[in-house]
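Data block below; observations after.
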Amino acid sequence: MNPYTSAIIEQVIKKNPEQKEFHQAVQEVFESAEPVIEMHPEFKKSKLLERIAEPERQIIFRVTWQDDKGNIQVNRGFRVEFNSAIGPYKGGLRFHPTVNLGIVKFLGFEQIFKNSLTGLPIGGGKGGSDFDPKGKSESEIMRFCQSFMTELYRHIGMNTDVPAGDIGVGSREIGYLFGQYKRIRNRFEGVLTGKGPEYGGSRMRTEATGYGLVYFLQEMLKALSKSLKGLNVTISGSGNVAIYAAEKVQQFGGNVIAMSDSGGYINDPGGIHLDTIKKIKEVKRGRIEEYIQHHPNAAFSEDWLGIWRLKADIALPCATQNEIDEASARILSDNGILAVAEGANMPTTPEAIDVFLNKKVLFGPGKAANAGGVATSALEMAQNSIRMQWTMEEVDARLKTIMSDIFRQCQQAAEQYGVAGDLVSGANIAGFLKVGRAMLAQGLV
Ligand code: NDP
Ligand code: 2IT
């Protein structure tokens, strides 16, 4: 690393102590950006790295609500409005007990460059709460969402900041959040994405991240002149991203052999029955362990990270950050994995990425590979603005084009800056360049 970049990273670590996921995300992007900084002295002169690592605005608020027993509960809410150089802040809300400022900042930082890669006019932001939706009743979820929005509404708007879903926030939560925003503001506007199709949601937003991931994976596989047909695929998670990634893999003739949740993983070598997974996860909101009651030939193991020990051709981490570490990466590559594409945000540790790149395993970084979700959110914003709703076919066609454009951008940026074949650097460079140029054009703001 050159001394300038390492000094800036040091400064970011010092200024934001204990936010280790944020440090990790910044370090990766800034390291990749080194050749860009060398080629563009104006970036260094205008302190672009220092500016880009500092969120434009950070909001932390109290969320109080009453549970079904009448007890008062207190949670913490966050919204980090990171960068608005290319459009309104855009990014999801995560409800999970592990949420803290460092997590929200790493996600918001990644979102800046991901959103830039989509080619659509969206800036970067992220939010959420340490609220745990597990085991809560429907009315507790609604009361929490209403209380959360009673503070958040004043900071967001269709031209300012447009939240969406992430872990623990799906169409049910978006519905309650939207209802409360409309009630308080008396405005029916596209302030959130991931809405139901009856009230302004885009068709295919639910499927978009998973489908987009597999469209991106197909582009990667072209380098090996391969298709998904007949390949065995392991997918971690069994939430929104994992389920629709699995659906698209199966549509393309791939064989999904394992999926997980935080309680463990199931292995069904003959192929996962996705209808059973959907019933357990989307309808019942149950645990993946229940799968073996329906399919006794499948096996269940409590160690969910053990999923990476299974032999497969493709791995799609779609659960959470840092789920593939160096040891798992070595096992995967020793087992002959062909490609890894990240459905989750930052699921692979830096050491594990090095293993994949050194062993020439095709590697699709999350900020490119999982950008189909936020891209379709931007399509939802466009449909809301023109008060129209496109068909499934139209949205799908746009999503395919967007994913192959992103792939091409990453590939070209990697070639242009001397790291051909490295899609991690390619994604960071392409995403960074556009945001950097937009920031410079807008002066010192
Ligand atoms: P969901 O809440 O729908 O599903 C998350 C899945 O991952 C669940 O199976 C969950 O298991 C598991 N999981 C979550 N956290 C952990 C953990 N700490 N340890 C073990 N398992 C865990 O979320 P999404 O599918 O929406 O999100 C998955 C990933 O994809 C996240 O990294 C998210 O940031 C990223 N992403 C999401 C997009 C979207 O459009 N939704 C877009 C782009 C990226 P359990 O139910 O047991 O907790
Ligand atoms: O990480 C992500 O890109 C998301 N959770 C989706 C964000 C969005 O605004 O659709």
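Assorted remarks:
- Here the label points at residue 295 and residue 132, each 7 Å from Cα along the C-beta direction, are separated by 2.9 nm in the simple model.
- At 1.306 mPa s and 10 °C, Stokes diffusion of the chain via Kirkwood alpha-carbon radius, µm² per second: 72
- GNM top mover of 246, 299, 164 - the chain, alpha-carbon springs below 10 Å: 299
- Relative contact order of the chain, taken over Cα pairs closer than 8 Å and 6 or more residues apart, is 15 percent.
- Rounded to the nearest 5, the antiparallel percentage of DSSP beta bridges internal to the chain is 55%.
- Whole-Å distance, taken between Cα centres, linking segment 11-52 and segment 329-358: 24
- Annotation: amide H of residue 77 within the under-5 Å range of 61, 62, 63, sequence separation 5 or more or interchain, hydrogens built in the peptide plane.
- Entry note, the chain: the mean residue ellipticity at 222 nm calculated from DSSP H runs of n ≥ 4, each adding -39500 (n - 2.57), is -14500 deg cm²/dmol after division by the residues and rounding to the nearest 500.
- Taking 139, 236, 328 in turn, the Gaussian network model of the chain (Cα-Cα springs below 10 Å) assigns the largest fluctuation to 139.
- Highest mean packing first, where packing is the average number of other Cβ atoms within 10 Å per residue, the peptides 349-359, 383-393, 257-267 line up as 257-267, 349-359, 383-393.
- Take each peptide in 173-179, 363-369, count the other Cβ atoms within 10 Å of every residue, and average; sorted highest first, the result is 363-369, 173-179.
- Maximal additional length on extending the residue 382-residue 420 stretch stands at 10.2 nm, based on 0.36 nm per residue less the C-alpha distance.
- Listed pairs 14/90; 226/400; 45/105; 69/136; 69/195; 134/248 exceeding 22 Å between Cα atoms: 14/90; 45/105; 69/195; 134/248
- Residue by residue, segment 291-307 carries 3J(HN,Hα) couplings of 4, 6, 5, 8, 9, x, 6, 7, 10, 10, 10, 6, 7, 5, 6, x, 4 Hz when phi is fed to the Karplus relation 6.51 cos²θ - 1.76 cosθ + 1.60 (θ = phi - 60°); x denotes Gly or Pro.
- Our note on the geometry: Cα centres of segment 360-408 and segment 206-264, 16 Å apart.
- DSSP-defined beta bridges in segment 64-185 - what % are antiparallel, rounded to 5: 60
Every number in this text was worked out from the coordinates using simple rules, so none of it is lab data. Just so you know, these numbers come straight off a predicted model, no measurement behind them. When we count neighbours, we look across all protein chains shown, and the Cβ atoms used for this are built from the backbone with ideal geometry, even at glycine.
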